[in-house]
Amino acid sequence: MARTDLEIPLGKRTKKYRFFEILPGALSYILVILLFLLSIFSPVLGAIYLLVIIALTLVKAIATAFRTVQGYNVMQSAKRVDWRQRFEDLKQPHEAYEKLHGQNYGSYGFREHIDNVKKLSVAQRGDYPDPDKIYHAVIMAAYNEGMETMIPSIEAVKASTFDKKKIIFVLAYEERGGEAMKNNAKALKEMFRNDFYDFLTIEHPKDLKNEVVGKGPNLTYAGEKLSEYVAKKHIKSENVIVTSLDSDNRMSDRYLDYVAYEFVVHEDRQHLSYQPISIFTNNLWDVPAPMRVIAISNSFFNVISTMRPYTLRNFASHSQPLWALEQMGYWSKRTIVEDGHQYWRSLFYFKGDYSVLPIRVPIYQDAVLSETFRETLKAQFIQLRRWDYGASDVAYVGSRMFGKDKPMSALQLFPKFVRLLDGHVTLAIMSPIVAFGGWVPMIMNLTSRHMVAYNLPNVVSTVQMIACVGLIITVIVSMKVLPKRPAKYRRGKSVTMLLQWVLMPIIALVYTSLAAFYSQTRLILGKYMEKFDVTKKVVKQ
């Protein structure tokens, strides 16, 4: 598939593209209105419709609780693995197999590791890349973040167990960040220039043609410069793995070794993305209660996603081979949700021969925090509406699936399309229907006093109480995920970490549902979001 065919259209869309842009929002509004219409026509039909949705919610709540516990345990196991040693084993696979064969399968993935070194021990050297020639390029995108945010993120890369002299660090900063950002870039280069193979600073010019104001154009500009750099250094792009980071991202010290290991042992390595678990806990003790609930909930969603690889898509920080990025033109310059969009862009370029591999160690990120409580509440909504603008991918996927020149089999693509559409519609409708739906049949039939309508709120309340079991499990696991309490906070602060969960119903309505409806309504009206609103994340000293 040609690079030009991968791009999101600019300006006026075709009728087919507009249909799919409108589809998620239209479905969301219709499914809410349908409850009222069915209840007017017949309280029984309204009740049945509602109970079906409530039953689906209950099933999802139970599944979420199970996957949360399972995913957390797997993440903890993966964090304990010595990925550096496993990567070293790939350099002498025959000797490693002789040493490891017959040992107990105690640690995470140990059986698979033995199988991998055995496979490599009998393979020809040319069948897999030389581990000694693998390089990591870490591109950290920055706009106007302060040194107090960027330095810990770079220090985390520096603390990696991977050979630092094979890490190319790229600080990709925006010209629109002003002189302060330019001076910070110079200071950081001076501070870390001797800690990596090289420390590159690349300024992305402002107001380039056909670009949204966002992270994607910055990453792409840096990626192009990186390709020029590795060619000049005679490093094969096939051996370079690129990781994109936000300025507040602090990777696990084992992440780069883990990714390099998986890169070597997978034959389809160039057609894979490597997705860590984004955990929003860097500043969790500092942020207000509503933001803590959202941060932990989003963290658990990412944990759960790694346990369902067939549904996994790129999110926030991820890694991808430089060769693959060169082939497909890096990231999109026309969307503010370049991370999730990168999945579809890669899938279509490689005509379905592409998947996302879970890397089950964390990259820690900041929760939303601004100068004041009010500004923080607003900033959180802005962040979520930007994430929910991923609904724009429904048109990107649907228009190609039902187009003449399909990038891949429609039979293969259709389940992915349905999951994409269902995910965005569910985000919008589930909270208001579960919270208030039980009263709709009764309100719509006040004069008839139908027994089903009057008993329905009690039935819904009972089901909601059962679903709370899943929430309780989430709360218990959340206490384990918490970073150590800073000395500046008293022990009583830990109590608020439990009490905060009573805010969950309100947060689900105000943030989860309204943010989704906001983004979907923008798509219905054709008022496209073409500016990446940077989420402010203040660092409390």
Failed item, numbered, when residue 63 is tested on (1) of a type outside the set (D, E, K, R); (2) under 22 Å from residue 298 (Cβ atoms); (3) touching a residue at least 12 places away in the same chain (Cβ under 8 Å): (3)
Scope the stretch 95-136; condition surrounded by fewer than 15 Cβ atoms within 10 Å (Cβ to Cβ), within 28 Å of the chain's Cα centre (by Cα) and closer than 30 Å to residue 233 by Cα; matching residues: none
Criterion: among the aliphatic types (A, V, I, L, M) and assigned to a helix (DSSP H, G or I) - qualifying residue of 336, 359, 363, 296: 296
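For the stretch 15-36, state whether one or more residues are outside any helix (DSSP H, G or I) and surrounded by 17 or more Cβ atoms within 10 Å (Cβ to Cβ). Step through it out loud before you land on a result.
Just the residues of the stretch 15-36 that are outside any helix (DSSP H, G or I), to begin with: none.
No, every residue in the stretch 15-36 fails to be outside any helix (DSSP H, G or I) and surrounded by 17 or more Cβ atoms within 10 Å (Cβ to Cβ).
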Residue 323 over 30 Å from residue 488 (Cα atoms), assigned to a helix (DSSP H, G or I) and modelled with pLDDT of 95 or more: yes
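Among the residues of the stretch 223-243 satisfying the criterion of being basic (Lys, Arg) and over 29 Å from the mean Cα position of the chain (by Cα), which is surrounded by the most Cβ atoms within 10 Å (Cβ to Cβ)?
That would be 233.
The values are calculated or read from the model by the stated rules, or taken from the named source; none is laboratory data. Computed from a predicted structure; not experimentally measured. Reconstructed Cβ throughout: ideal geometry from the backbone, glycine too, with neighbour counts over all protein chains shown.
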